[in-house]
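Have a look at the structure below, then the notes.
Read-outs throughout are calculated quantities, based only on the coordinates presented, and are distinct from any laboratory measurement. Please read these numbers as outputs of a predicted model, since none were measured by experiment. Backbone-built Cβ (ideal geometry, glycine too); neighbour counts: all protein chains shown.
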Amino acid sequence: MPRLWRHALAIVVPVVGAMAVLPALYGNHLLLFNFVVFMLLAQGVNVIYGFTGYLPFGYVGFFGTGAYGFSLMVVHLATPPLLALVAGGAAAVLLGLLLTPLLRLSGAYFSIANLAAALAVLQVVSNPDLQDITKGPYGIALNGIYQPTLAYGVALAILAATLMTVVYLRNSRFGMALQAIREDPISAGMAGINVVRERVIAWLISALIAGLAGSVFAWYVSVFYPETVFGSEFSIFAIVFALFGGPATVLGPLLGVIILYGIYNTIGITTPQYFQLIYGLLIMVLVLFLPNGLASLLRRWGIDVP
Amino acid sequence: MLIYSLLAGLLFGLYFTLIGLGLNLVFGVMRIVNLAHGDFLMLGGFLAFWLFNLFAVNPLPAIPIALFLFMMAGLPLYYLLVPRLLAARDPEMLSIILFFGFSQVIEALTTIAFGTSERSIPGIELGRPVAAVESWFAGRKVAPGPVTLFGQTFPAAWIVSAIVSALAVFLIFLYLYRTRLGYLTRAVMVQREEALSSGINVHRVSAIAFGVGIALAAISGLFAPFMLGSITPAMGVDVTIVSFAVIVIGSLGNPLGTVLGGVLYGISYMLMQSYFSSWANLLPYLLLIAILLVRPSGLLGRQVRRA
C-alpha cells in the first residue's frame, strides 16, 4: 500500500472518527468544535509555514474574512448556510490572491506585512462608516440558521479534506517541491520547479482552509464581534500549535493542538495570564532547544513521524 | 488646521522616531527582529508611572534611571538569548517567534504584577519644566499650560517629548558616528563575519547595541503616558507594529532612515486624524504594506527582496 493511503488510514480516519464520536460521550460540544477549528488552523499554518517557510503572522485575516464572507451572504442575501460557506471560502481565497504580492517579501518582512494586512482588514470591517454593510464594531448576529449538529458535521468534513491535503503534501512531488522552495528558492528554480506558481498555490490552499474554518465558526457560534474573529490569538495559537508539534508533518500540528489546547482549557480559561506566561516560556524554550518541534524529538529517538 | 496637523505631525514624528530607533538599532546590528520592543516601551511606561506615584519623580529625571536599569537588563538578556539564536539555521525567522514568546512572558508577568487596569500621569507634570524655562526667559512667573508655537497651541507634554526625542536621536548619532564603539558597531552592521574576522569583539559590541536598543524603547515609554494615552500591559503589540511601520518606511537597519520614517509617519498620521479621522487607524498598516511592496528596502535602504 502506498504511503499516502497508509497515512490516510493511520491518521485521518482515526482523528476524524474520534472527533465524530466524542460529542456523544462528552457534553461540552463548543469545546470539541473549537478543537476542530484549531486543528484546521494549525494545519493551514502548516501548509504555508511548515512546507513553504512563510510565517503568516496575520493568518487570522483569512479566518475573519471567511467568517464575514459567510455572515454577509446570510445577512444580506439570505443564502443557505452551505452555499454561504462556499462564499466564505471564496472570500478568503480572494484576499489571498490580493495578498500574493506579499510572497515576494522574504522572512520577517513577509510576516510583518501579513500581520499588517490582517489588521487592515479588521480596521475596514469594524469601521463605523461601513455599518450598513458589515455592522461595523457592533458585530454580527445570525438568525434562523442555527444548526449546531450540522455545522459540526460540516466542520469534520472540512477537517477530513484538510488532513487529506496535508497527507498528500507530505507524500507527493508537489509537497517536496514546496519544501525545496523553503530550503532555497533559487536552487529549487534551477531544479525545474515553478517557484512562483507552486508557492502561490500553497498560499491559496492555506487561505482556503482558514476561510472555511472561519465560515463554519461563524455558522456555529452565530453571534460574534469583529475582534472575536480577527483576534490575533487565532494566528498565534495556530502557529504555536503547528510549531510545537513539528512543521511539515501531518501528525505534528494535531499533537500540538491536542496537547497545548488541552492545557489551555484546563488552566487557561480561569487564569489566562498564567497560561500566557507558560506558553510564552514554552515558545522560547522551543525556539532555542527544539526548533523543529516534538516531531524532531521523536525522530531523534528513531520514530518516523508521518 | 493644515499648519496644526503639520506641526503636530512633526512633534509626533520625532517621538515616533525615538520609538523606532531602538528596534532599528537591534535589527541593524544583529539582524534579529525584536518583537518584544513594544513591551519594553510598556515597561518604561510603568517605570514612569511608579516613579511618579511612589517618589513623585518627574519623567525627565527618570531618563537616566531607565537608561541604567534597562542597559543592565539588556546585557545579560543578550547573552542568554541571542548567541544561541544566531547559531541557528534561520536566525531572522526564529527571532520573530522567540521574541514573540518573550513579549508574551513580559505581558503576562506585568499583568500578574499590576493587573489590567489603565494607568496615566497628569500631563501637567511635563508642563512644569516648560513653564520654568518660560518663566526664566520672560523674567516673570508663567503658569504651566499649553504652549503656543507658530500661532498653534499644543500640550506642553508634546513639546517636551519631541525635544527629548530629538536629543536622544542626536546622542545616538554621536554614539554611532563619533565614537570608537560606534565605529565598531557600524562595522558589525555592514558585515558580521568580516567584523569578527578582523578581530572585533562582535558579541560585546552587539550586547551593548542590544542594551541601548531596549533602553531607548524604555525611554520612549517614559513619555508614552503623555503621547500614546494610558498604559496597559497589553499595549505592546500595537506599539511594535507602529515602530515597524516607522522603521520600514525609513528602511530596516539604517538609523538615519528612522528619522525620515518617523516624521513621515507622524505627519501623515496627523493629516489622517484631521481629515478622515475614522480611517486614521488604518494608516500604519496600509503604509507598511505599500512601502514593503513598492520599495521593500525602505526609502533609504539596500536590497532585501529575494526571488
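Could you work out how far apart the two model spin labels at B:GLU193 and A:ALA20 are, taking each label as a point 7 Å from the Cα in the direction of the beta carbon, and quote it in nm?
5.5 nm
Which whole-angstrom value gives the distance between the alpha carbon centres of the stretch B:47-61 and the stretch A:237-278?
Cα centroid of the stretch B:47-61 versus Cα centroid of the stretch A:237-278: 39 Å apart.
Any chance you could run the full-extension gain for A:LEU94 through A:LEU9? It's 0.36 nm times the residue separation minus the Cα-Cα distance, nm to one decimal.
27.3 nm
If you scale each eigenvalue of the Cα gyration tensor by 5 and take the root, what three semi-axes come out for the stretch B:230-299, rounded to whole angstrom and sorted largest first? Walk me through the numbers before you get to the answer.
Numbers: eigenvalues 77, 50, 25 Å².
Semi-axes, largest first: 20, 16, 11 Å.
Quote the Stokes-Einstein diffusion coefficient, in whole µm² s⁻¹, for the protein assembly as shown, based on the Kirkwood radius over alpha carbon pairs, a temperature of 20 °C and a viscosity of 1.002 mPa s.
The calculation lands on 84 µm²/s.
Return the FRET efficiency for the residue pair B:ARG140, A:VAL200: r is the Cβ-Cβ distance, R0 is 60 Å, and the value is rounded to the nearest 0.05.
Details: r = 70 Å, r/R0 = 1.16.
With a Förster radius of 60 Å, E is 0.30.
So if I take the centroid of the Cα atoms in the stretch A:50-121 and the same for the stretch B:269-288, what is the distance between those two points in Å?
22 Å
What fraction of the Cα pairs in the stretch A:1-146, stated in percent, has a spacing above 19 angstrom? Present the calculation step by step, with values, prior to reporting the outcome.
Values: 6809 of 10585 pairs.
Percent of Cα pairs beyond 19 Å in the stretch A:1-146: 64.
Translational diffusion coefficient of chain A at 4 °C, 1.567 mPa s, Stokes-Einstein with Kirkwood Rh over Cα pairs, in µm²/s as a whole number.
Numbers: Rh = 19.6 Å.
Answer, rounded: 66 µm²/s.
Which translational diffusion coefficient, to the nearest whole µm²/s, is obtained for the stretch A:60-145 from the Stokes-Einstein equation, given a Kirkwood hydrodynamic radius over C-alpha pairs, 4 °C and 1.567 mPa s? Display every interim value, and only then the final one.
Details: Rh = 13.7 Å.
Stokes-Einstein gives a translational diffusion coefficient of 94 µm²/s.
Given the stretch B:122-220, what whole percent of its Cα pairs are spread farther than 23 Å? Please list the in-between numbers first.
On the way: 2317 of 4851 pairs.
Tail fraction, whole percent: 48.
For the stretch A:87-217, what does the alpha-carbon gyration tensor say about shape, rounded, prolate or oblate, given a ≥ b ≥ c as the root eigenvalues, a/c under 1.5 as rounded, and a/b over b/c as prolate? It would help to have the intermediate numbers written out before the result.
Values: a/c = 3.52, a/b = 1.48, b/c = 2.38.
Judged from the Cα gyration tensor, the stretch A:87-217 comes out oblate (a/c at least 1.5, b/c at or above a/b).
How high is the relative contact order of the stretch A:1-103, in percent, counting Cα pairs under 8 Å that sit 6 or more residues apart? Please report the intermediate quantities before stating the final value.
On the way: 50 pairs, mean separation 17.9, N = 103.
The normalised contact order for the stretch A:1-103 reaches 17 percent.
Quick one: what Rg and Dmax do you get for the stretch A:166-306 from the alpha carbons, in Å?
17.4, 53
Work out the FRET efficiency for B:VAL57 and A:ARG104 from their Cβ-Cβ distance, taking R0 = 51 Å, and round it to the nearest 0.05. Walk me through the intermediate numbers first.
Numbers: r = 49 Å, r/R0 = 0.96.
That pair, B:VAL57 with A:ARG104, gives E of 0.55.
Can you classify the stretch B:106-176 as rounded, prolate or oblate using the Cα gyration tensor, where a ≥ b ≥ c are the square roots of its eigenvalues, rounded means a/c under 1.5, and otherwise it's prolate if a/b beats b/c and oblate if not? Mind dumping the intermediate values first?
Numbers: a/c = 2.73, a/b = 1.48, b/c = 1.85.
It comes out oblate by the Cα gyration axes.
Over the Cα atoms of chain B, what radius of gyration and what Dmax do you get, in Å?
Radius of gyration, then largest Cα-Cα span, for chain B: 19.4, 66 Å.
Please give the per residue volume of the convex hull enclosing the alpha carbon atoms of the stretch A:168-209, rounded to a whole number of Å³. Don't jump to the answer; show the numbers that get you there.
Details: hull volume 2.5 nm³, N = 42.
Looking at the stretch A:168-209, the number lands at 60 Å³ per residue.
P(r) for the stretch B:164-307, please, calculated from all Cα pair distances in 10 Å bins and given in %.
P(r) for the stretch B:164-307, in whole percents per bin: 10, 33, 36, 17, 4, 0.
Would you mind computing Rg(Cα) / (2.2 N^0.38 Å) for the stretch B:1-102, counting N as its residues? Could the numbers behind the result be given before it?
On the way: Rg = 16.8 Å, N = 102, 2.2 N^0.38 = 12.8 Å.
For the stretch B:1-102, the normalised Cα radius of gyration is 1.32.
Would you kindly calculate the mean projected area, averaged across all directions, of the convex hull enclosing the Cα atoms of the stretch A:95-136, in square nanometres?
Convex hull of Cα atoms, orientation-averaged projection: 3.1 nm².
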